[in-house]
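Here is the structure we will look at, set down as structure tokens.
What follows draws every value from the coordinates through simple rules; no lab data is involved. The model shown is predicted, which means the values in this text are computed figures rather than measured ones. With ideal geometry, Cβ positions are generated from the backbone for all residues, glycine too; neighbour counts draw on all protein chains shown.
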Amino acid sequence: MAKKTPEQISYNMKQVKNKDSVIELALRKELWNRGLHYRKNVNRITGHPDIAFIGKKIAVFVDSEFWHGYDWEARKADFKSHQEFWVPKIERNMQRDQEVNEALKEQGWTVLRFWGKEIKKNVSGCADIVERAVKGMKKYKSIDLFAGIGGIRMGFDRAFGNEIETVFVSEWDEPAQKTYLANFKEPAEIAGDITKIDEADIPEFDICLAGFPCQAFSLAGRHMGFEDDYKGTCRGTLFLDVARICEKHKPRVIFCENVKGLTIHDKGRTFKIICKTFEDLGYKVFSKILNSKDFGVPQNRERIYIVAFRNDIAPETFEFPEKTDDTKRIRDIIEKEPVPAKYYLSEVYIETLRKHKARHEAKGHGFGYEIRDWDDIAGAIVCGGMGRERNLVIDKRQTELTPTTHIKGEINKEGIRKMTPREWARLQGFPDTFELPLADVHLYKQFGNSVTVNVIEAIACEIKKVLEHT
């Protein structure tokens, strides 16, 4: 048989049916049976989508593995003949698909693409994705426990975009509730004391977010006559509420953040009980200590992050994010304009701090105030003790130093001041659009207790990759 030329091959392939294929028909039938009415092969829409919901501006493409380059890097070497024809042709198709996606998105369309094998394997699951898009349904539902001012939620919202919806929030501190509600419109109400919430009253959810307090577990267990399951070992701790809620609802993922010392707290027993509890509930647990200074904020803040995947969807390994940006310095978060005089320390207070530091140094302790250079990074901001005094800066831009608050003595002439709440917000990765509705005393506490949003977002992006492949 004579060898076909590339032109003959191209002509023959054009005769292959590429519309109304069996796989396309299967997806259409599933959608139609759900009452989802669409247009098919609409030529006036960029890319001529196989299925289009014009009013909703949703375009659906069913891509064949051959023509659109499925697993292309691995497959393109499989072409043993006419490689010089097929490889550039399929790569042009792939490039065109990308251009179509970008053009449609610029026009305000949502683009959904499915491989034929995906539909063949699970047409119902593919139809679920289309239905959620058409009905404006979120792909994932989350709950926010020990929510604070919403730092963990903000990180997940950034990573998941419009695919996530927070259906329940719990936070007992009323000032924190006010800051949370000033920045998140849904849900409209925040539940208070989680210990008083029946797990059955919480809506179904896929992702549990929990920044629970670090508490000792060692007084429970057999030594006190309690049960040896988590209800006994976690008795009297707020972690118990995370466990009972997740036991009831079996979310896909549980995410927790805590202080670095959790791993050695109570000689390591606390951390071991947490991990064992999740494992007993049917989860595979991964954890890692990450430093905020590696994720685009100038703050030396080490925290442990725990990610638990339900066993039926758990990956063999979970890769926590690597460093993204360690170049930021304090000058990157400093207020652009001179700050009010109230943030400058009095001469009397500075002298008190110096004496306090000297006493501790004489005892061999490193405790005391610290003045940070603008080209340095901040220490971890915390809500108690010397939290503000450990991150003082020298800022001589303010020339009007008449005291506006009740202080002892005059304002110092060296330009020593506290960072402002907005600067603390920036150290934690909160955007300048984040509303600060309360007095400074509350805001310092809230940001000191909060999380670094950038780190949460980076981890949430990795979690999303796992969920997308389950």
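Most exposed first by the Cβ proxy, i.e. fewest other Cβ within 10 Å, how do THR277, THR452 rank?
Working: THR277 24, THR452 27.
Starting with the residue having the fewest Cβ neighbours, the order is THR277, THR452.
Under 1.5 on a/c is rounded, so check that first for segment 273-406, then, if it is not, pick prolate when a/b is larger than b/c and oblate when it is not; a ≥ b ≥ c are the square roots of the alpha carbon gyration tensor eigenvalues. Let's see the in-between values first.
Values: a/c = 3.04, a/b = 2.08, b/c = 1.46.
Judged from the Cα gyration tensor, segment 273-406 comes out prolate (a/c at least 1.5, a/b above b/c).
Mark the label point 7 Å from the Cα of ILE313 along Cα→Cβ and return the residues of segment 451-466 whose backbone N is within less than 19 Å of it.
Backbone N within reach: 457-466.
Quick one: compute the contact order of the chain, relative version, from alpha carbon pairs under 8 angstrom and 6+ residues apart, as a percent. Don't skip to the answer; put the middle values down first.
Details: 738 pairs, mean separation 57.4, N = 470.
Across the chain, relative contact order equals 12 percent.
Between LYS336 and ALA74, what is the FRET efficiency for a Förster distance of 60 Å, r being their Cβ-Cβ separation, to the nearest 0.05?
Values: r = 50 Å, r/R0 = 0.84.
Result of the calculation: an efficiency of 0.75.
Which values, in whole Å and largest first, are the semi-axes of the equivalent ellipsoid of the chain obtained as the square root of 5 times each eigenvalue of the Cα gyration tensor?
Details: eigenvalues 538, 169, 95 Å².
Over the Cα atoms of the chain, the semi-axes work out to 52, 29, 22 Å.
By Kyte-Doolittle mean hydropathy of at least -0.5 and Cα axial length of at least 24 Å, which whole DSSP H helices of the chain are selected?
Details: long enough: 83-106 (34 Å, -1.44).
The answer is none, since no helix passes both cut-offs.
Counting Lys and Arg as +1 and Asp and Glu as -1, what is the net charge of the other residues whose Cβ lies under 15 Å from the Cβ of LEU290?
Values: positive: LYS260, LYS288, LYS293, ARG301, ARG303, LYS323; negative: GLU257, ASP294, GLU302, GLU319, GLU322, ASP325, ASP326, GLU457, GLU462.
Taking every Cβ under 15 Å from that of LEU290, the sum is -3.
Among 455-465, 86-96, how do they line up from the highest to the lowest mean number of other beta-carbon atoms within 10 Å? Could you put the intermediate results ahead of the total?
Numbers: 455-465: 21.3, 86-96: 14.0.
Ranking, from highest mean packing down: 455-465, 86-96.
Quick one: compute the contact order of segment 336-419, relative version, from alpha carbon pairs under 8 angstrom and 6+ residues apart, as a percent.
Working: 117 pairs, mean separation 35.3, N = 84.
42 percent.
Rounded, prolate or oblate, given the Cα gyration tensor of segment 336-419, with a/c below 1.5 counting as rounded? If you can, show how the numbers build up before the last one.
Numbers: a/c = 2.05, a/b = 1.38, b/c = 1.49.
Since a/c reaches 1.5 but b/c is at least a/b, the shape of segment 336-419 is classed as oblate.
Note the full-extension length gain between ASP198 and LYS272 as 0.36 nm times their separation in residues minus their Cα-Cα distance, in nm to one decimal.
Numbers: separation 74, 0.36 × 74 = 26.64 nm, distance 2.63 nm.
Contour length minus Cα-Cα distance gives 24.0 nm.
Length gain on complete extension for the stretch ALA439 to ILE289, per 0.36 nm per residue less the alpha carbon to alpha carbon distance?
On the way: separation 150, 0.36 × 150 = 54.00 nm, distance 3.24 nm.
Gain on extension, ALA439 to ILE289, equals 50.8 nm.
Cβ neighbours within 10 Å, averaged per peptide: list 413-424, 395-406 in order, most packed at the top. Intermediate values should be presented prior to the final figure.
Numbers: 413-424: 19.5, 395-406: 10.9.
The packing order, highest mean first, is 413-424, 395-406.
Could you work out the percent of alpha carbon pairs in segment 159-205 separated by over 13 Å, rounded to a whole number?
Details: 653 of 1081 pairs.
For segment 159-205, the share of Cα pairs beyond 13 Å comes to 60 percent.
Give, rounded to the nearest 20 debye, the magnitude of the charge dipole that segment 365-443 has about its Cα centre when Lys and Arg contribute +1 at Cβ and Asp and Glu contribute -1 at Cβ.
On the way: 11 positive and 13 negative charges, 33 e Å.
So the dipole magnitude of segment 365-443 works out to roughly 160 debye.
Mind sorting GLU322, GLU204 by how few other Cβ atoms lie within 10 Å of their own Cβ, fewest first? If you can, show how the numbers build up before the last one.
Numbers: GLU322 9, GLU204 12.
The order, fewest Cβ neighbours first, is GLU322, GLU204.
Excluding TYR344 itself, calculate the net charge of residues whose Cβ lies under 12 Å from the Cβ of TYR344, where each Lys or Arg counts +1 and each Asp or Glu counts -1. Show your work: numbers first, answer last.
Working: positive: LYS342, LYS396, ARG397, LYS413, ARG417, LYS418; negative: GLU347, ASP395, GLU400, GLU410, GLU414.
Every neighbour counted, the sum reads +1.
Neighbour counts of other C-beta atoms within 10 Å: give me VAL348, VAL22 arranged from fewest to most. Intermediate values should be presented prior to the final figure.
Working: VAL348 13, VAL22 10.
Ranked by crowding around the Cβ, least crowded first: VAL22, VAL348.
Please work out how much length the chain gains when fully extended from ARG329 to HIS249, using 0.36 nm per residue of separation minus the C-alpha to C-alpha distance, in nm with one decimal.
My answer for the length gained is 24.5 nm.
Between PHE85 and ILE264, what is the label-to-label distance in nm when each label sits 7 Å out along the Cα-to-Cβ direction?
So the two model labels end up 6.9 nm from each other.
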